[in-house]
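What follows is a short report on a single structure.
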Amino acid sequence: MLYSKKTAEEKRRDLRAMLVPGAARQFPGAFNPLSARLIEEKKFDGVYISGAVLANDLGLPDIGMTTLTEVAARGGQIARMTDLPCLIDADTGFGEPMNVARTIQELENAGLAGCHIEDQFNPKRCGHLDGKNMVDLDTAVKRIAAAADARRDPNFLIMARTDIRAVEGLAVAIDRAKALVDAGADAIFPEAMKDVSEFEAVCKAVNVPVLANMTEFGKSVLFTRDALAGAGVAMIIYPVTLLRSAMGAAERVLDAISADGTQEAAVPDMLTRARLYELVDYEAYNQFDTGIFNFQVPGLDITTNNANL
C-alpha cells in the first residue's frame, strides 16, 4: 500500500551492489508510476527513467526541452512507487557545472538511486539520431566532476554517458570514457555502439560498470542479455519499450473504436479491472480503511448525519 518500503538510501546501496561486470542487470523503462510497480512485480532488477519518455509523455520531442523541476518531480513519483532502484536520465545536467551540481541534489531529494549526465551540447538530441554536437573533453569532465562533488549520499550513482562514438569513433569514445571515470564517474554509458565487440572493448577499457542501451529503432542491434553479459556489460536498459508498446496498443484500440463503433474487439487484450486493482493494491487500501474506520462516534447518528452533542 502507498509507496516503497525501502528508503532511497537502501535502494542506492542495492544498485551499487548489483552493478558488477557481466551481471547484465535488466532495467526496463517506466513511463509512469504504475508501470514501475509492474516492472517490480515481474522481478526485474531495477527501473530506468528515460528523458525521452519524460519529454514524449509531455508531448515534446527529446531535444532538451524538459526542465530539472519536471524531471525531478516525475522521477520522484516513479521512484517512490517501487522498492527497486531507479536510474534517471538527467540529460546534460540542465546547464553549467553549477546547474549540474544542483541537479544531483534535487534528484537525491526526489529519491532516485542514480542518474547519468551526457556530453552533448545543450539543447541535446536523442542519442540514436544523427547530427549530434559534442562538447569538448574539458566541459564533459567538468560536468561529471561537479556532479560527483555535489552528491551528499556517496552511494548515489553518477554515470557518465558519452555520445561521441557516432561522431568521432570508438577509440575516441574509449579515451573519453576513461577521462570521465577519472573525473568521478561511477559507471559509463557508451551510447550508440555498433556491435557487441564495441561494448566488450569499452568494458575492458574502464574499471567501472558499463551500461548497454537496447532501444528499438536505434543504432544498436537488440542484443540478448546473454550476449551483453558475455561482453562484460553490467546493466541493460530498455528505455522506451513500454511507452512504445502502450501507445501502440492505444492507437490500435482507437482505430478499432473508429472503425467498428465499439471497443469490443480490443477488450481481450486489455488489462482487466481485477488486474488493475491488483496492481494498485486496492484490497490493502480497503483493509486499511476498514481497520481504521470500524467504529461509530458516540452521539453521531450516521444515518442522518446529525450529531447529538
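The values are calculated or read from the model by the stated rules, or taken from the named source; none is laboratory data. Fair warning: this is a prediction, and the values are worked out from it, not measured in the lab. In this analysis, Cβ positions are derived from the backbone assuming ideal geometry, glycine residues included, and neighbour counts consider all displayed protein chains. Side chains are part of the model used for accessible areas, which takes the heavy atoms of the whole protein and leaves out ligands, DNA and RNA. Shrake-Rupley method; radii C 1.70, N 1.55, O 1.52, S 1.80 Å.
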**OP:** Quickly run through segment 173-188 and pick out the residues that are out of contact with any strand residue (DSSP E or B) (no Cβ under 6 Å at 6 or more places or on another chain) and either open to solvent by less than 10 Å² (accessible area, probe 1.4 Å) or of a type in the set (A, V, I, L, M, F, W, C) (or both).
**Re:** Ile174, Ala179, Val181, Ala183
Original post:
Of (1) outside any loop (DSSP other than H, G, I, E, B); (2) open to solvent by less than 70 Å² (accessible area, probe 1.4 Å); (3) more than 24 Å from Leu15 (Cα to Cα), Gly218 satisfies all except one. Which?
Top reply: (1)
Subject >> Residue that is farthest from Ala234 (Cα to Cα), among those in segment 10-33 that are within 13 Å of the chain's Cα centre (by Cα) and open to solvent by 30 Å² or more (accessible area, probe 1.4 Å) >> reply: Asn32
Original post:
Across segment 229-255, what is the number of residues that are touching a helix residue (DSSP H, G or I) at 6+ places or on another chain (Cβ under 6 Å) and surrounded by fewer than 17 Cβ atoms within 10 Å (Cβ to Cβ)?
Top reply: 1
**OP:** Just one of (1) out of contact with any strand residue (DSSP E or B) (no Cβ under 7 Å at 6 or more places or on another chain); (2) in contact (Cβ under 8 Å) with a residue 12 or more places away in the chain; (3) β-branched (Val, Ile, Thr) trips up Val210, so point out which.
**Re:** (1)
Subject >> helices (runs of 4 or more DSSP H) enclosed by segment 75-172 - at least 1 residues per element that are open to solvent by less than 10 Å² (accessible area, probe 1.4 Å) and at pLDDT 95 or above >> reply: 97-109, 137-150
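Could you list, in sequence order, all residues of segment 39-69 that are among the hydrophobic types (A, V, I, L, M, F, W, C), more than 16 Å from Met235 (Cα to Cα) and open to solvent by 60 Å² or more (accessible area, probe 1.4 Å)?
Within segment 39-69, the first condition is being among the hydrophobic types (A, V, I, L, M, F, W, C), and the residues that meet it are 39, 44, 47, 49, 52-55, 58, 60, 63, 65, 68.
Imposing the further condition that a residue be more than 16 Å from Met235 (Cα to Cα) reduces the set to 52-55, 58, 60, 63, 65, 68.
Listed by number, the residues that qualify are Leu58, Ile63, Met65.
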